[in-house]
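The values are calculated or read from the model by the stated rules, or taken from the named source; none is laboratory data. Note that the coordinates shown come from a computational prediction; the quantities given were computed from them, not determined experimentally. Here the Cβ is made from the backbone with ideal geometry for all residues, glycine too, and neighbour counts use every protein chain on show. Heavy atoms of the whole protein, side chains included, go into the accessibility calculation; ligands, DNA and RNA do not. Shrake-Rupley method; radii C 1.70, N 1.55, O 1.52, S 1.80 Å.
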Amino acid sequence: MKVSIPLHSRRELLLGVALAGRAAESRDVDYFADNGFGNPSSTLQHPTGVNHNGATYIAYQGPHEDSYVAAYHHASHKWSGPVLAGVNLMGKSPDPVENKDLDNHGKPAMMVDKKGYIHVVFGAHGGSPILGKNTLGTPGSLRGGKFTHIVSKNPEDITAWVKLENISPFGTYPQFVQMDNGDLYLFYRHGAHRSDWVYQKSVDFGRTFQPPVSILKHKAQQSNPAVHDSWYAWFAKGHGETITASHVYHLCENPGHTNERSNTYFMRMNTRDGSWVNAAGEKLTISVTKEYADRKTLIFDTGTERCSHGTCRVDSNGNPHVNFRYGKGQVRYCRWTGTEWTKPTPIFPDGGASDGDLVVESPTSARMILTSRNGDTAEVGWWKTIDGGTTWSKEPPILAKPGGSYDIGALIENFDQDAVILLSEEIPADYLYRRMILLSNKGPVKRPAVDASYIQDKLKALRDAGVEPETKESRAVSKPNKKRKGA
Ligand code: ZN
């Protein structure tokens, strides 16, 4: 006998199955999305999160190296998104499964302006030469993408985006700084390695930007034109109307290119007139060359030891506190006392920390949130000094996972205890997809698994096709991408 189920009942039946599925997946997970991709965020593209009017907005690199934006609403503990906000011209389809096939430089930085509009800049590794002549450096490769600025169509709303053609196409490492009066500064490197670091200023909430102003100069060395002076820089709001710039030097040699980086430098802009000074307040002439920087703005000469950029924050006197990564994975810290730089001290006595950001509580007390390894366990947590950086003590980790692996970026702009910093977690079986975690001071901000799940179909397709995920071992033997290595 044929049993006919009325249409409305069938719908209910299907709905019931779907709801049962949802119930099974309604457990809370530590991540808000599983579709981070490659290296979804880092300190050189920042902020990647902004706390604005009760919500934390987050931008990160997802599938196809595109820019995704999500929002966490603090009072309701509800999430919006992530949504695909901007398509990256450097992305590949289908998604690569080996890290060497990613560029990773097109990941986004973001800012929420004083009117509540959300700005994202992304999509380039110096821009492509087909975009025209780069007068402040060398463009990227033909696959160098296009530096792109998008803005939310409506304030505090991540659902719709508008592209604005108001910044140079030749950029990479976007970094936003917003002043108290609403002026927006976009800092970035104006092209590939052999390019100046510049900023563009907007006094109308990012609707138009003034032309790029060069502040760190790239140039061929006189003694050997095959060697160029180059930089990696980090910018943040300082005290009052100032912006800090902490940076390291890159000796860019071709052929024989390496990822050499050395020395640490500091300078500061007064946004009232665009002038720059060193830590001692001595006026500087920009754009700053290597020779000039060595004389005027050097914090510490690291000799032949590799030294990567870190972050910089200021105390109530406006004095900078900086961190950088020096030697074998050692995050080191020093500060300007008002008359001199203190000796850089390792926060970990024996290395083991990878990256993080700094909060300055007083001229002699500061805390750093770091990713680190404790044996096989990956940890994320705070380290604290109360003696001006001479000694550091570890607070109990906020997050600890045996066998885990986390990447960290800069602190959420204007963060509070409920949403401190963005992390990505590597899951070896998930190919190059990463779980995105918003960390509070108590642990990850939770979300129902069903709402955090975006790549299950992609994973299934790859597994069904028998594609093996890349492992640390297979990555090590796969051909290194030299161009990207030093980029
Ligand atoms: Zn180089």
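In segment 45-129, Cα pairs under 8 Å separated by at least six residues give a relative contact order of 29 percent. The Cα-based radius of gyration and maximum Cα-Cα distance (Dmax) for segment 39-116 are 13.6, 41 Å. Taking the chain as the reference, fit the longest principal axis to its C-alpha atoms, fit the long axis of helix 7-24 to the helix C-alpha atoms, and give the angle between the two in degrees, 0 to 90, nearest 10. The angle comes out at about 40 degrees. Simple rule: put +1 on each Lys or Arg Cβ and -1 on each Asp or Glu Cβ in segment 41-478, find the dipole, and look at Cys252, Gly389, Tyr333; the Cα lying farthest toward the positive end is Cys252.
Remark: the chain carries 42 Å² of accessible area per residue (probe radius 1.4 Å; ligands, DNA and RNA excluded). Of the peptides 212-223, 452-463, 427-438, the order by per-residue mean of other Cβ atoms within 10 Å, starting with the highest, comes out as 427-438, 212-223, 452-463.
Given R₀ = 25 Å, FRET efficiency for Ala461-Thr377 by Cβ-Cβ distance, to 0.05?
Numbers: r = 33 Å, r/R0 = 1.31.
Once the sixth-power term is evaluated, E becomes 0.15.
Using the structure shown, select from Lys115/Lys237; Lys146/Lys296; Lys92/Lys153; Lys114/Lys201; Lys107/Lys219 the pairs with a Cα to Cα distance greater than 23 angstrom. With Cα atoms farther than 23 Å apart: Lys146/Lys296; Lys92/Lys153; Lys107/Lys219. Among Pro469, Val420, Ala220, whose Cα lies farthest out toward the positive end of the dipole of the chain, if unit charges sit on the beta carbon of Lys, Arg (+1) and Asp, Glu (-1)? The listed residue farthest towards the positive side: Ala220.
Computed per residue of the chain from DSSP H runs no shorter than four, each worth -39500 (n - 2.57), the mean residue ellipticity at 222 nm is -2500 deg cm²/dmol.
Projecting the Cα positions of Ile158, Gly116, Gln210 onto the charge dipole of segment 41-478 (unit charges on Cβ atoms of Lys, Arg, Asp and Glu, taken about the Cα centre) puts Gln210 furthest along the positive direction.
Pull out a ≥ b ≥ c, the square roots of the eigenvalues of the alpha-carbon gyration tensor of segment 17-159, then state rounded if a/c is under 1.5, prolate if not and a/b is larger than b/c, and oblate in the remaining case. It would help to have the intermediate numbers written out before the result.
Numbers: a/c = 2.62, a/b = 1.48, b/c = 1.78.
Oblate, since a/c reaches 1.5 and b/c is not below a/b.
Once you reduce segment 267-303 and segment 23-59 to the center of their Cα atoms, the two points are 35 Å from each other.
What number, in percent, do you get for the relative contact order of segment 41-478 if the mean sequence gap of Cα pairs under 8 Å and at least 6 apart is divided by its residue count?
Values: 1167 pairs, mean separation 45.9, N = 438.
Reported as a whole number, the value is 10 percent.
For segment 41-478, a simple Cβ point-charge model (Lys and Arg +1, Asp and Glu -1, everything else neutral) yields a dipole of about 440 debye relative to the Cα centre.
Taking only C-alpha pairs under 8 Å that are 6+ residues apart, what is the relative contact order of segment 252-301 in percent?
Values: 47 pairs, mean separation 19.1, N = 50.
Value for segment 252-301: 38 percent.
Under 5 Å from the amide H of Ile299 lie the amide H atoms of Thr264, Tyr265, Phe266, each residue being 5 or more positions distant or on a separate chain, with H modelled from the backbone and absent for Pro and chain starts. Sorting 393-400, 164-171, 318-325 by average packing, meaning the other beta carbons within 10 Å per residue, from highest down gives 318-325, 164-171, 393-400. Shown here are the Rg and Dmax of the Cα trace of segment 122-256, at 15.9, 54 Å.
The share of accessible area on the chain that comes from carbon and sulfur is 53 percent, using a 1.4 angstrom probe.
Taking one quarter of the surface of the C-alpha convex hull of the chain gives a mean projected area of 26.0 nm². Taking amide hydrogens as placed 1.01 Å from N in the peptide plane, the amide H of Asp66 sits under 5 Å from those of Asn88, each at least 5 positions away in sequence or on another chain.
Dipole magnitude for segment 353-462: computed about the Cα centre from +1 point charges on Lys and Arg Cβ and -1 point charges on Asp and Glu Cβ, it is near 320 debye.
What's the whole-number percent of alpha carbon pairs in segment 360-434 lying beyond 17 angstrom? Across segment 360-434, Cα pairs with separations above 17 Å total 53 percent. Working from label points 7 Å from Cα in the Cα-to-Cβ sense, the Lys472 to Thr304 distance is 2.8 nm.
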